Structures are given as C-alpha cells and as structure tokens.
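What follows draws every value from the coordinates through simple rules; no lab data is involved. Please read these numbers as outputs of a predicted model, since none were measured by experiment. Methodologically, a virtual Cβ is constructed for each residue, glycine included, from the backbone with ideal geometry; neighbour enumeration extends over all protein chains shown.
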C-alpha cells in the first residue's frame, strides 16, 4: 500500500510540475531574445564608429553621444500624452537604450584590458550616465514598457559604476606609466588597417 501511495504521489508531482517546466522551456527563447537585443545604430552612426576604429577614446565619446541622443528621445516620448503608440515607442526606445549601454560597457572592458588611454571619454561618460538614469527613474512605469524601463535602469547603474571604477583604475595605471599616456592601443583595429593598406596598390607619385 505504501508503494502505491508513493507511485500516486510521483504521478501527481509529474502532473503538477511538467506543464510548468514545458511552459518555461517554450518561453525561454523569447525571453532570451528580448534580453539579448543588439543596439540599433543608424548607417551614419555605423560609419562614424568605423572611422574612429583606431581611436578608442574618440569611439567611446561617440557612444556617449549616441546614448545622450537616445536619452533625450526617451525624455521627449515620456512627456507626451498616454497612447498605445507612446507605449510601443518607449518600449522600443528603452530596449535599444539598454542594448547600446551594454555594448558600450563591452567596449570599455576591451579597451581597459589593453590599457588604452580613454580617460577623457570615461570622465564624460561617468558624468552623463547618472543623468540618464534620472530620466528613466522619473518615467512612470506602465505595463507595456515597465520591464524595459527597469532593465534600462539596471544597465545604467552598472555602466555608471563601471565607468567610475575604470576611470579610477586608469588614473592609477597612468600615474605609474606616464610614458603610455595618450596611447590608443587598439591593436586589432591598427593591424586590420595596416593589412588593408598593404593590400591596396601603391599610387604613382605625381
């Protein structure tokens, strides 16, 4: 009888938890796709980033400028009358803002590991992020974009902390490596540019 009760209990557990597990498995790709959203840059922005490929400090200033423009866009939409279009626009803008902040953070890690001197752009970024987070905090949450708003706030707080920490680390590093101040050190981009240049036929002198 005890064995029968045990089997009955196991069947009930399977019936209870299996549907929930299946539901989570079905929803996981959609949730991950939303979280893994990549930043949407315009063609002009992409060209500017490419032109600054060998200048990490200038490139990070560009990312800060792009984020500033998106923060202003979010602030503008937040002040408009409530509507279905406003909800859709804010949700998309917040997701794009988060993705661009995450991409900015990834670039910071890369340049910091190479000891590229990006202190000027780090200072600008560290001063700017708290202002963007304030815009997000005063935006009243609505069901259509509240999740995106919370994720943007979280990414903003992480980026602010990262920028402040890296600025402190770089100040310390270049205080003891004064001969390396101002060096860009984007080795991959420099190597790629050099290869592209060597692949081009030499132009005759006029």
TODO: Evaluate the distance, in nm, between pseudo-label points positioned 7 Å from the Cα of residue 177 and of residue 123 along their respective Cα→Cβ axes.
DONE: 2.0 nm
TODO: Could you line up 69, 142 from fewest to most neighbouring Cβ atoms inside 10 Å?
DONE: 69, 142
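Sorted by packing (mean other beta-carbon atoms within 10 Å per residue), highest first, where do 52-63, 105-116 land?
On the way: 52-63: 19.5, 105-116: 16.5.
Result, highest mean first: 52-63, 105-116.
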TODO: State, to one decimal in nm, how far the label point of residue 42 lies from the label point of residue 157, with both points 7 Å from Cα in the Cβ direction.
DONE: 3.2 nm
Open item on the list: As an exercise, use a Förster radius of 30 Å and the Cβ-Cβ distance of residue 55 and residue 131 to find the FRET efficiency, rounded to the nearest 0.05.
Closed with: 0.75
TODO: Compute from the Cα atoms of region 91-175 the Rg and the Dmax, the latter being the longest Cα-Cα distance, and quote both in angstrom.
DONE: 14.1, 49
Open item on the list: Can you give me the C-alpha center-to-center distance between region 46-62 and region 78-93, rounded to a whole angstrom?
Closed with: 31 Å
- [ ] Work out the FRET efficiency for residue 103 and residue 168 from their Cβ-Cβ distance, taking R0 = 25 Å, and round it to the nearest 0.05.
- [x] 0.65
